[in-house]
Amino acid sequence: MARKRPHHGNTRRGSAKGPRKQRRAITGILRVLRPGSATVETAEGSFEVTRSGVHEAMSGDEVSVILVGDKRTGAKRAVVDAVLNRATHSLLGRFELAGPLGAVVPLDNRLNHDFFVLPEDKSPERLGVAPGDIVAARIVEYPTRYTAAVVTLDRRVGSADELDMNIESVIASHGIATEFSPSTLEQAQAVRADVAGALASDARRVDLRDVMCVTIDPADARDFDDAVGAREREDGGFDLDVHIADVTHYLPWGSSMDLEARARTCSVYLVDRVVPMLPERLCNDVCSLRPGEDRLAMTVRMRLDAQGRVTRAKACTSAICSNARLCYDDVDALLEGRTKAADLHMVDPAEAEGAARMLRVLDRIRDLRERIRRSRGAIDFETREAKVVLDADGHPTGVRVRNRTRATGLVEEAMLLANECVAKILADSEVPAAYRVHEQPSPDDLRATIAPLDELGLLEAGDAAAVLAGEPRAIQAVLARARGTRGEYLANTLLLRAQKRAIYLPHNDGHYALGAQAYCHFTSPIRRYPDDIVHRALKAHLAGKDGCPEQRAVERVLPQLCSDCSSMERTADAAARDSQKVKMAELYAERIGAREAGVVSGCERFGLFVCLDDTCADGLLPVRDLGNEWFSYDEKRMTLTGEATGEVWGLGRRVVVEVAAVDIPRGRIDFRLPKRASEYSACIV
């Protein structure tokens, strides 16, 4: 068939009516959020793209755009004028037949284009692909104004029956890489732990294999990248050791493994799987601090006084041997007196009593460090982490809600302290690294919290001005006042939403929420690339000037690395949330009509968002279901008020709702109020 071939990488819009008035074009990166919604990031700022203005571009493309005025608001919006460089070269999709052509329907819902396999392309037959199969396709011709895109098939991924299509769609829509290159896997397979060799070749590496330490993680954890140990001193103070897997010892800068880790920047924790940053050979074997096995580590040894203040901190490369792999439930049971030391799963049972004493010391350090952080203005938000529990076939069976406990707290405080100490060592020496920076929230963002907090009765005289100014102790006071009240969840949610997102920067600017003058991520190098950057910087510092030539190479690309890590962290978080929502909707598909109690967590013109108590599932209660009257929306107070009855629906209101409908692919749950009047009156809990 006759087809007009597109110009690769540069598609410019024209007009059949003749030349149009030239407008200034600017260059940027297109970000498609969902079908019909996109922005373009330019040197002059970020602009929303008109609904039909994406044209032939795809998310991630470098594009030239024309700015036009919105007739309704006057704001500048963008229209794609040309595609300068393509970012998407392959895609996952469902193979179908379209007459003589093959068609690939993208799993990535941001790709709003048709992709065809030409009749002369024999890749479907060669790969044994049948209609409905999921395939990996490579783009050979991009879409233009006049022609559709052409692809060829590289791989059959599986049938729709073999795959969880909704989760595969989440992965594709966020551009998550799920497979490592052959060269990376080959490099990883050749890695050996060789602890004895590392000790023999590096005189600075400290042998700590006889010093007790344990790993403490969730019960389902597979990689163990941190271990802790502690001892009480005769003067009433403490020695605290934090050991972190020495990943960079096995990850040469510029190697295939390193380049792929840089591209991924972090592991992605989906509802049904972990998409790792590193090959399994490293993350679950050589670099995992498994009990009873010698491992290389980066260690921070801290001395604390009787009040928990750091008096000395020293970092070193080390070799360790974990004495036990403990889970949070084990440690909580011990600390609460529900089990005895003998119940701990130690490599050597004779060490159980010593491990129990150590855990109690770590718990005392936790308490002291929490007090210190509160006194210096750190803000601890009370959050609940809900995870959908799946059976062996990936079907949801329930929800596990994880709250902060003494066990999670003692690990968290040890890691926070190690991160602070490493950041201080690097910052004091002015060593460039990937610092974790959190800026103070803006008054504009905090202003939106004042009316709802006042509505919940959580503000006292002078609080509003102090919260607007971002004074940590004022925010602490509001959260403390909310604890145990109907407004606890909402106060935490509102104030957390008002915070700026922490990012990675190549210089230290402090961490507002932690009240820390210097902070970095050092404790999770298996799953976060910024931690590996920090490890390299710390090794360079320990080696002295000119002792680590690769650090200069790191510093040349450090700003871009920090930017990439910050961006990919947002993508990974969004993918994790979306995967949880899909399975939560799948769970509630079996509960249509069920009634559950919850709290109003959001308010818009079109309805209320309700968070359920037992599962933390979020859903929409449409305004049409609130009653047969007109509801006025107060954006400032975030309320809906019935104009006939005067009934006010706002944040923090307790309700009982029925599950009305679900949209599993979109991860949506819709609620309604019970219909009978007697049931309706019970909705106000």
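The values are calculated or read from the model by the stated rules, or taken from the named source; none is laboratory data. None of these values were measured; they are calculated from a predicted model. When we count neighbours, we look across all protein chains shown, and the Cβ atoms used for this are built from the backbone with ideal geometry, even at glycine. Ligands, DNA and RNA are stripped out before the accessible areas are found, and what is left, the full protein with its side chains, is counted by its heavy atoms. Shrake-Rupley method; radii C 1.70, N 1.55, O 1.52, S 1.80 Å.
Odds and ends about this structure:
- Neighbour-limited loop hits for GluC sites (Glu not before Pro), the stretch 343-404 (at most 15 other Cβ within 10 Å; DSSP other than H, G, I, E, B): E382
- Among the GluC sites (Glu not before Pro) in the stretch 562-669, those located in a DSSP loop and surrounded by at most 16 other Cβ atoms within 10 Å of their own Cβ are E629, E635, E643, E647.
- Carbon plus sulfur fraction of accessible area for the chain, probe 1.4 Å, in percent: 49
- Tensor-based shape of the stretch 454-601 (alpha-carbon gyration tensor, a/c under 1.5 rounded, otherwise prolate or oblate): oblate
- Three-way shape call for the stretch 383-455 based on the alpha-carbon gyration tensor, with the a/c threshold at 1.5: oblate
- Sparse-neighbourhood loop sites, GluC sites (Glu not before Pro) in the stretch 163-259 - DSSP loop, at most 15 other Cβ within 10 angstrom: E179, E234
- D161-E385 pseudo-label distance in nm [points 7 Å out on the Cα-to-Cβ vector]: 3.7
- Ordering of 302-309, 126-133 by burial proxy (mean other Cβ atoms within 10 Å per residue, highest first): 302-309, 126-133
- For the chain, calculated [θ]222 nm from helices alone, where every DSSP H run of n ≥ 4 adds -39500 (n - 2.57): -9000 deg cm²/dmol
- Cα gyration tensor, the stretch 429-518 - rounded (a/c under 1.5), prolate or oblate: prolate
- Kirkwood hydrodynamic radius over Cα pairs of the stretch 305-357, then Stokes diffusion coefficient at 25 °C and 0.890 mPa s, in µm²/s: 184
- Rounded to the nearest 0.05, the FRET efficiency derived from the C-beta distance between A543 and K122 at R0 = 56 Å is 0.50.
- Total formal charge among the other residues, if their Cβ is under 9 angstrom from that of E629, Lys/Arg +1 and Asp/Glu -1: -2
- Radius of gyration and Dmax over the Cα atoms of the chain, both given in Å: 27.8, 89
- Cα centroid of the stretch 548-623 to Cα centroid of the stretch 500-515, whole Å: 21
- Annotation for R204 and A461: the two label points, set 7 Å from Cα along the Cα-Cβ direction, are 5.9 nm apart.
- Annotation: amide H of A661 within the under-5 Å range of D670, sequence separation 5 or more or interchain, hydrogens built in the peptide plane.
- Sorting 276-283, 650-657, 243-250 by their mean Cβ neighbour count within 10 Å, with the most densely packed peptide first, gives 243-250, 276-283, 650-657.
- Dipole magnitude of the stretch 47-132, debye to nearest 20 (Cβ charges: Lys/Arg +1, Asp/Glu -1, about Cα centre): 360
- Per residue, the accessible area of the stretch 557-685 comes to 47 Å², computed with a 1.4 Å probe over protein heavy atoms only.
- Whole-Hz couplings from phi, Karplus 6.51/-1.76/1.60, listed for the stretch 141-148; x for Gly and Pro: 9, 7, x, 10, 5, 10, 9, 7
- Neighbour net charge for D108 - beta-carbon separation under 12 angstrom, K R +1, D E -1: +2
- With contacts taken as Cα pairs under 8 Å at a separation of at least 6 residues, the stretch 527-643 carries a relative contact order of 13 percent.
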